[in-house]
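First up is the structure itself, then whatever we jot down about it.
The values are calculated or read from the model by the stated rules, or taken from the named source; none is laboratory data. Fair warning: this is a prediction, and the values are worked out from it, not measured in the lab. Because the Cβ atoms are built from the backbone with ideal geometry, glycine has one as well, and the counts that use them run over all protein chains shown.
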Amino acid sequence: MPDFNMEVEPGQMTAIVGETGAGKTTVINLLERFYDIKGGALLVDGQDIRNMSRHELRTKMAMVLQETWLFSGTIFDNIKYGNEKRH
């Protein structure tokens, strides 16, 4: 696997996108510590993630999955669904 380097500044939002097989899931699995790296280091706030608890690490990031859900009805109904006031 080729070297991979990425630096994210504090407060910066970063998206991980790419073609199928590009390694997106692998990067996320490593960042979330679903499995640990075998070489090199992943640093968050300058700290090796292997020295952080999974809970501590996961409080420092968020994930939004791009799974698309359409409900029955019109496109307008689907868009409106997310904007309705909930009581």
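Give me the residue from the range 48-73 that is in a loop (DSSP other than H, G, I, E, B) and at pLDDT 80 or above and, out of that set, nearest to the chain's Cα centre (by Cα). Before the answer, list the steps.
Quick first cut of the range 48-73, residues in a loop (DSSP other than H, G, I, E, B) only: 52-53, 59-73.
Next, only the ones that are at pLDDT 80 or above stay: 52-53, 59-61, 72-73.
Numbers: MET52: 18, SER53: 18, THR59: 12, LYS60: 11, MET61: 7, SER72: 29, GLY73: 31 Å.
By that ranking, first place goes to MET61.
Would you tally the residues in the range 1-28 being under 16 Å from LEU65 (Cβ atoms) and surrounded by fewer than 12 Cβ atoms within 10 Å (Cβ to Cβ)?
6
If you check LEU42 against the conditions, is it free of Cβ contacts under 8 Å to residues at least 24 places away in the same chain and in contact with a Leu (Cβ under 7 Å, 6 or more places away or on another chain)? Before the answer, list the steps.
Details: free of Cβ contacts under 8 Å to residues at least 24 places away in the same chain: yes; in contact with a Leu (Cβ under 7 Å, 6 or more places away or on another chain): yes.
Against the criterion (free of Cβ contacts under 8 Å to residues at least 24 places away in the same chain and in contact with a Leu (Cβ under 7 Å, 6 or more places away or on another chain)), LEU42 qualifies.
Which condition number in (1) over 18 Å from the mean Cα position of the chain (by Cα); (2) on the phi > 0 side of the Ramachandran plot; (3) of a type in the set (D, E, K, R) is the one that ARG33 fails?
All conditions pass for ARG33, except number (1).
Restricting the search to the range 10-39, which residues are at pLDDT 85 or above, more than 13 Å from MET63 (Cα to Cα) and of a type in the set (Asp, Glu)?
Selection gives GLU19 alone.
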